[in-house]
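Peer 1: Have a look at this one before I ask anything.
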Amino acid sequence: MNVHNAELVISAVSPAQYPDTPLPEIALAGRSNVGKSSFINTLINRKGLARTSGKPGKTQTLNFYLIENALHFVDVPGYGYAKVSKTERAKWGKMIETYLTGRKQLKAVVSLVDMRHEPTADDVQMYEFLKYYQLPVIVVATKSDKIPRGKWQKHAAVIKKKLNMDPQDTFVIFSSETKEGKEAAWQAIESYL
Ligand code: GDP
């Protein structure tokens with residue numbers, strides 16, 4: 001998809017605030033700092049619409065971006081930020097669980113992991129949660145520009161194994177620096193719309 005129009009329509013904390021439209025939704029989840037805002041901005045050809053986080057874990061809202069009047073990207077606040085209190089974490093958990101398990105418009109989830117490292121316990125937990133609810137997942141391995149191309153397949157194998165990745169899910173190697181994987185990511189997303 002070649003995106004010309006994208007706008008933030010609502011930062012929601014409860015279902016009453018979700019947009020009242022039948023448009024398909026693609027949620028995006030990942031640890032703070034994984035490169036989620038950069039991924040969104042790359043896909044929608046914008047520099048700074050999705051906020052790149054100076055303060056990881058700060059955004060505790062579900063941000064709905066309307067793309068080309070055709071779909072919503074739903075930016076799920078980043079997880080795994082140590083300085084968030086237990087109460088905050090519980091609130092975050094409840095909010096995303098409510099959204100991910102109850103939203104009819106949700107077609108698939110983009111789960112972002114840092115390609116340089118083995119997925120963390122939080123990454124694995126998120127993936128298992130999504131699979132438990134039978135949601136299609138597009139696993140996006142970010143920051144591929146930081147790894148020599150010759151090692152990509154090795155890193156990909158480590159990630160797939162650690163996540164015990166469902167062979168039906170798509171795996172995309174991505175970089176917001178080089179735009180590697182931009183087309184593949186859009187293709188995967190569009191296959192679920
Ligand atoms: P978020 O917290 O998941 O939204 O992550 P951001 O998109 O704000 O990115 C976190 C940091 O990683 C920033 O310093 C980005 O510049 C950097 N970053 C994000 N994507 C890439 C990438 O593909 N390559 C490189 N080298 N750095 C990236």
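Peer 1: Checking ILE147 against (1) modelled with pLDDT of 95 or more; (2) under 18 Å from the mean Cα position of the chain (by Cα); (3) over 30 Å from PRO22 (Cβ atoms); (4) not small (Gly, Ala, Ser): exactly one of these is not met. Which one?
Peer 2: (2)
Peer 1: How many residues are under 15 Å from PHE64 (Cβ atoms) and either among the acidic types (Asp, Glu) or crowded, with 19+ Cβ neighbours inside 10 Å (or both) if we restrict to region 97-106?
Peer 2: Qualifying residue count for the region: 3.
Peer 1: Here's another thing I want to ask about it. Out of contact with any Ser or Thr (no Cβ under 7 Å at 6 or more places or on another chain) and without any contact (Cβ under 8 Å) to a residue 40 or more places away in the chain: does that describe PRO167?
Peer 2: Against the criterion (out of contact with any Ser or Thr (no Cβ under 7 Å at 6 or more places or on another chain) and without any contact (Cβ under 8 Å) to a residue 40 or more places away in the chain), PRO167 qualifies.
Peer 1: Going through GLU88, GLU25, GLU97, GLU118 one at a time, which residue ends up being away from the ligand (no atom under 13 Å from the Cβ), in contact with a strand residue (DSSP E or B) (Cβ under 6 Å, 6 or more places away or on another chain) and of a type in the set (Asp, Glu)?
Peer 2: GLU25
Peer 1: With respect to GLU118, determine if the residue is in a loop (DSSP other than H, G, I, E, B) and loosely packed, with under 15 Cβ neighbours inside 10 Å.
Peer 2: yes
Peer 1: Which residues, counting only those in region 127-145, are part of a helix (DSSP H, G or I) and under 18 Å from ALA185 (Cβ atoms)?
Peer 2: TYR127, LEU130, SER144, ASP145
Peer 1: How many of the residues making up region 146-174 are assigned to a helix (DSSP H, G or I) and either in contact with an Asp or Glu (Cβ under 6 Å, 6 or more places away or on another chain) or surrounded by 17 or more Cβ atoms within 10 Å (Cβ to Cβ) (or both)?
Peer 2: Here the count works out to 7.
The values are calculated or read from the model by the stated rules, or taken from the named source; none is laboratory data. This one's a predicted model, so the numbers in the text were calculated from it and none came from an experiment. Using ideal geometry, Cβ is built from the backbone for each residue, glycine included, and neighbour counts are taken over all protein chains shown.
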